[in-house]
Amino acid sequence: MSEPSKTETVLEDRTLPETIESVEQLDRLLSTPTRGLVEDFRKLDGDIMILGVGGKVGPTLAMMAKRAAPAKRVIGVARFSDPSVRDTLESAGVETIVCDLLDRQAVQALPDLPNLVYMAGKKFGTAGQEPYTWAMNAIVPTIVGERFRETRFVAFSTLCVYPFTEVAGPGSDERTPPTPVGEYANSCVGRERVFQYYSERNNNPGRLARLNYAIDLRYGVLRDIGLQVWNEEPIDIRTGVANVIWQGESTAHILRCLLHGTVPATPINIGMREPAQVRYIATAFGRAFDKEPVIEGEEQPTAWHNDTSQAHHLFGSTCVDLDTMIRWNAHWIRNNLPAYDKPTHYEQRAGVF
């Protein structure tokens with residue numbers, strides 16, 4: 001098991017590459033901590049456990065936490081249906097525990113650590129699997145809330161808990177009451193409320209990270225639009241904006257939330273300062289691929305649009321801009337590099353995923 005460097009280069013000190021050529025290079029960049037995260041983790045007491053580490057974001061989040069604080073124990077918990085994920089984490093110095101989070105006895109046997117990152121949940125393929133979706137998004141938080149006391153935590157949530165908001169305005173802020181559309185989003189409100197209940201009951205400071213569209217090159221809104229341009233498929237422009245953020249930076253913001261908990265836990269919107277225009281993204285990919293985007297429909301005045309100013313006040317501006325993310329995605333698509341088969345459905349206006 002290799003020991004991460006104790007003199008880690010932070011994202012702000014890196015020269016961003018013109019292109020990203022491999023999964024290894026991508027994961028290394030996605031797990032590069034920011035300066036603010038390294039400084040915050042020096043103030044954070046105790047080790048860190050990550051529940052649901054086996055998903056798309058979990059491995060690089062765990063590796064970032066370890067790179068930001070090499071002396072801390074970082075423990076990743078999941079079923080690990082893909083054994084290679086466990087191997088990758090352990091080779092990066094992250095300890096792993098196999099656990100089904102729906103199994104109360106298994107969760108009871110997990111170690112007590114003072115810092116918890118909760119990433120478990122069900123989104124993709126929820127249509128037709130509604131009972132399992134509710135079990136993962138509401139029952140598992142109950143099991144975790146019953147088990148962990150005197151624990152500082154941050155739990156992943158989603159922008160989908162908000163109502164559609166006027167694109168011309170600042171967007172929904174954290175005071176906007178959830179008005180979810182569709183069964184997935186309703187179950188996510190359930191997850192938030194369960195965590196808030198146990199946060200207050202157990203006096204556990206926490207935050208609910210309402211994440212916008214995190215950008216990896218293997219999936220994400222930019223990949224979805226880029227593929228449509230590449231394949232000369234029509235782009236539904238009715239949802240005309242999408243707030244995107246480089247996944248490495250959203251990960252750093254979410255980890256830093258461990259030092260900004262409240263009792264009961266309160267939400268925080270995670271994304272770039274301004275939403276991206278879908279038409280602009282499509283046009284940029286068109287230039288990169290020398291293809292004319294096929295646009296269908298007309299931009300609607302509302303979308304899932306939220307105000308991320310609270311996070312930017314706490315954590316500062318992002319380093320990776322929209323054009324850089326588009327350039328990286330265009331190169332990745334053009335070269336047919338590895339991808340997950342998980343479209344974001346960012347254009348979905350009925351809440352069905």
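Quick note: the coordinates plus some simple rules give every number you see, no bench work behind them. Just so we're clear, the structure is a prediction, and the values are computed from it rather than from any experiment. Note that we place each Cβ from the backbone using ideal geometry, even for glycine, and neighbour counts take in every protein chain shown.
Roughly speaking, what is the centre-to-centre gap between the range 301-353 and the range 86-156 when only Cα atoms are used, to the nearest Å?
So the separation of the two Cα centres works out to 25 Å.
For every helix of n ≥ 4 consecutive DSSP H residues, a contribution of -39,500 (n - 2.57) applies; sum these over the chain, divide by its total residues, and give [θ] at 222 nm rounded to the nearest 500 deg cm²/dmol.
The helix contribution divided over the chain gives -10500 deg cm²/dmol.
Write down the percent of antiparallel bridges among all DSSP beta bridges whose residues are both part of the chain, to the nearest 5.
15
Give me 210, 73 sorted ascending by neighbouring Cβ count inside 10 Å, so fewest comes first.
Lowest count first: 73, 210.
Please get the size of the charge dipole for the chain, origin at its Cα centre, with Cβ charges of +1 on Lys and Arg and -1 on Asp and Glu, quoted in debye to the nearest 20.
Dipole about the Cα centre, nearest 20: 840 debye.
Set Lys and Arg Cβ to +1 and Asp and Glu Cβ to -1, take the dipole of the range 1-132 about its Cα centre, and tell me which of 68, 108, 22 lies farthest positive.
Of the options given, the answer is 108.
At q = 0.08 Å⁻¹, what is the base-10 log of I(q)/I(0) for the chain according to the Debye formula with one equal point scatterer per Cα and no solvent? Please give it to two decimals.
-0.36
Would you work out if the range 172-308 is rounded, prolate or oblate? Take a ≥ b ≥ c from the square roots of the eigenvalues of the alpha-carbon gyration tensor; rounded if a/c is under 1.5, else prolate when a/b is larger than b/c, oblate otherwise.
Prolate, since a/c reaches 1.5 and a/b exceeds b/c.
Would the range 1-117 count as rounded, prolate or oblate if I go by the C-alpha gyration tensor, calling it rounded below 1.5 in a/c and otherwise prolate when a/b exceeds b/c, oblate otherwise?
Oblate shape, in that a/c is at least 1.5 and b/c is the bigger or equal ratio.
What's the exposure ranking of 38, 23, going from fewest to most Cβ atoms within 10 Å?
With the fewest neighbours first, 38, 23 line up as 23, 38.
Given 338, 318, 293, which one lies farthest toward the positive end of the charge dipole of the chain, if we put +1 on the Cβ of every Lys and Arg and -1 on the Cβ of every Asp and Glu?
Of the listed residues, the answer is 318.
Going by how many other Cβ atoms sit within 10 Å of their own, how do 305, 331 line up, fewest first?
Final ranking by Cβ density, sparse to dense: 331, 305.
Find the relative contact order for the range 11-80 and round it to a whole percent, using C-alpha pairs within less than 8 Å whose residues are 6+ positions apart.
34 percent.
Roughly what % of DSSP beta bridges within the range 101-222 run antiparallel, to the nearest 5?
0
Given contacts defined as C-alpha pairs under 8 Å and at least six residues apart, what's the relative contact order of the range 70-123, whole-number percent?
Computed over the range 70-123, the figure is 31 percent.
Under 5 Å between amide hydrogens, which residues at least 5 positions from residue 302 or on another chain qualify, with H placed 1.01 Å from N in the peptide plane?
Excluding prolines and chain starts, which carry no amide H, the hits are 167.
Return the long-range amide H neighbours of residue 344 (sequence gap of 5 or more, or a different chain), with a cut-off of under 5 Å between placed amide H atoms.
For residue 344, whose amide H was placed from the backbone, the distant partners under 5 Å are 220.
Given an 8 Å cut-off on Cα distances and at least 6 residues of separation, report the relative contact order of the range 97-204 as a percent.
The normalised contact order for the range 97-204 reaches 31 percent.
Reachable aspartates and glutamates from residue 342, Cα under 14 Å, same-chain residues fewer than 8 places away excluded?
216, 224
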